[in-house]
Amino acid sequence: MPSDHDTRPLGRSGIHVLPLGVGTNKWRRADRVAVEETYRTINDAGPCMIDTAEIYFSERVVGDCLRADRTRAVIASKFLPFPGRSSPRRLMSALDGSLARLGLTTIDLYYVHFPVPFVGMKVLAEGLTEAVKSGKARAVGVANFSADQMRRIADHLARLSVPLAANQVNYSLLRREAETNGVLNACRELDVALVAYFPLASGRLTQPSDDSRTKALLTCLADVARAHDASISQVALNWLLARDSHVIPIPGATKPHHASANLGALGWHLNETEFDAIDRASAPYRV
């Protein structure tokens, strides 16, 4: 098992973040005071990655938080490349909109939200390259890309002297396809961060289940949690961190105590026996 560190790199971008970030797709509808307190909790922790996207409609909320309090956070957002909107010019226009809503002149990490059929990787790479070379993005990534798609866009970016920093995919103990579909291996080979969204399986790892397989996993997590005076969710996040040093989970949080609880997954380690027991209990979810 890889050891944890105080920060983890976003690929070869030169940007380092806390091993645990936060997703903001629910910030738009959440209580604004609670969100602001959540932001302060995250900001106090260090270079925590705050993940948003134009499709979440939460960029303005994140921007309000940034304007109210000087940030230590690393800000990431995403370009929505629906048909007819996937040219470099459209990507740059969307980036300008995101920067305006966030109140920034440069964003730390800018993703293509998902691959688009019939749009070549070269076109997307050219847009991402322009984002970096214009100074409007420090680093670029992709989301929901397969291993093959990752390699192809990384190759185009490399020809333009821009590294691929991250691939954001759905990854949790209840969804471990990244380990079997080649994405995790591609992240290792290309030195790209695997940013894990829904790392608590949309809450399914925080509540009782009637499914026998999930029950067995939750029982295993509870046993380990008691040994560390931790919560089940903290153990689940810690396992992802221990799985590979390229993994950076971004659980959602709309209240400060949720953010604090998630950050409580840092600063301690599963032992090898505990890691292996959880691995076996969640093995049915690798396919």
* To do: Compute the Cα gyration tensor for region 1-130, then decide on rounded, prolate or oblate, letting a ≥ b ≥ c be the square roots of its eigenvalues: rounded whenever a/c is under 1.5, prolate when a/b is larger than b/c in the other cases, and oblate in all that remain.
  => oblate
* Pair-distance profile P(r), taking every C-alpha pair of region 67-168, with 5 angstrom steps and integer % -> 2, 14, 27, 26, 17, 8, 4, 2, 0
* Calculate, in nm to one decimal, what A34 and A227 gain on full extension: separation in residues at 0.36 nm each, minus their alpha carbon distance. => 66.4 nm
* Can you give the translational diffusion coefficient of region 124-228 in µm²/s, computed by Stokes-Einstein from the Kirkwood radius over Cα pairs at 10 °C and 1.306 mPa s? -> 102
* To do: Among DSSP beta bridges lying fully in the chain, give the percent that are antiparallel, nearest 5.
  => 10
* **Ranking by accessible area, most exposed first, for T254, T214 with a 1.4 Å probe** => T254, T214
* Give the Rg (one decimal place) followed by the Dmax (whole number) of region 1-67, computed from C-alpha coordinates and expressed in Å. => 13.3, 40
* Structure fact -> Taking r as the C-beta separation of L80 and D210 and R0 as 30 Å, the FRET efficiency to the nearest 0.05 is 0.25
* Can you count the Lys pairs in the chain with C-alpha separation below 21 Å, eight or more apart or on different chains? -> 7
* **Extension gain (nm, one decimal) between S146 and K133, 0.36 nm per residue minus Cα-Cα** => 2.1 nm
* Along principal axes, Cα extents of region 172-287, largest first, whole Å -> 36, 33, 26
* Stretched out fully, how many nm does the piece from K122 to E177 gain, at 0.36 nm a residue minus the Cα gap? -> 17.1 nm
* Send over a whole-number figure in Å² for the accessible area per residue of region 133-287, probe 1.4 Å. => 42
* Structure fact -> Only helices counted: for the chain, with every DSSP H run of 4 or more residues adding -39500 (n - 2.57) and the sum spread over all residues, [θ] at 222 nm is -13000 deg cm²/dmol
* Considering only DSSP beta bridges with both partners in region 117-220, what is the antiparallel share in %, to the nearest 5? -> 10
* Structure fact -> Pseudo-spin-label distance R67 to D191, built 7 Å along Cα→Cβ, given in nm, is 3.9
* P(r) for region 120-184: what percent of alpha-carbon pairs falls in each 5 Å bin, starting at zero? -> 3, 19, 28, 21, 13, 9, 6, 1
* Structure fact -> In a Gaussian network model of the chain with springs linking alpha carbons closer than 10 Å, the residue among K136, K255, K215 that fluctuates most is K215
* Asked: Taking Cα atoms, how many degrees apart are the long axis of helix 272-281 and the longest axis of the chain, rounded to 10 and kept between 0 and 90?
  -> 80
* To do: Only Lys, Arg, Asp and Glu count, each charged at its Cβ (+1, +1, -1, -1), so figure out the dipole size of the chain about its Cα centre, rounded to 20 debye.
  => 940
* Given a 1.4 Å probe and every protein chain left where it sits, what share in percent of the accessible area of the chain is carbon and sulfur? -> 50
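The values are calculated or read from the model by the stated rules, or taken from the named source; none is laboratory data. Everything quoted here is computed from the prediction, not taken from an experiment. All Cβ positions, even for glycine, are placed from backbone atoms using ideal geometry, and neighbour counts span all protein chains on display. Surface areas here come from the heavy atoms of the whole protein model, side chains and all, with no ligands, DNA or RNA. Shrake-Rupley method; radii C 1.70, N 1.55, O 1.52, S 1.80 Å.
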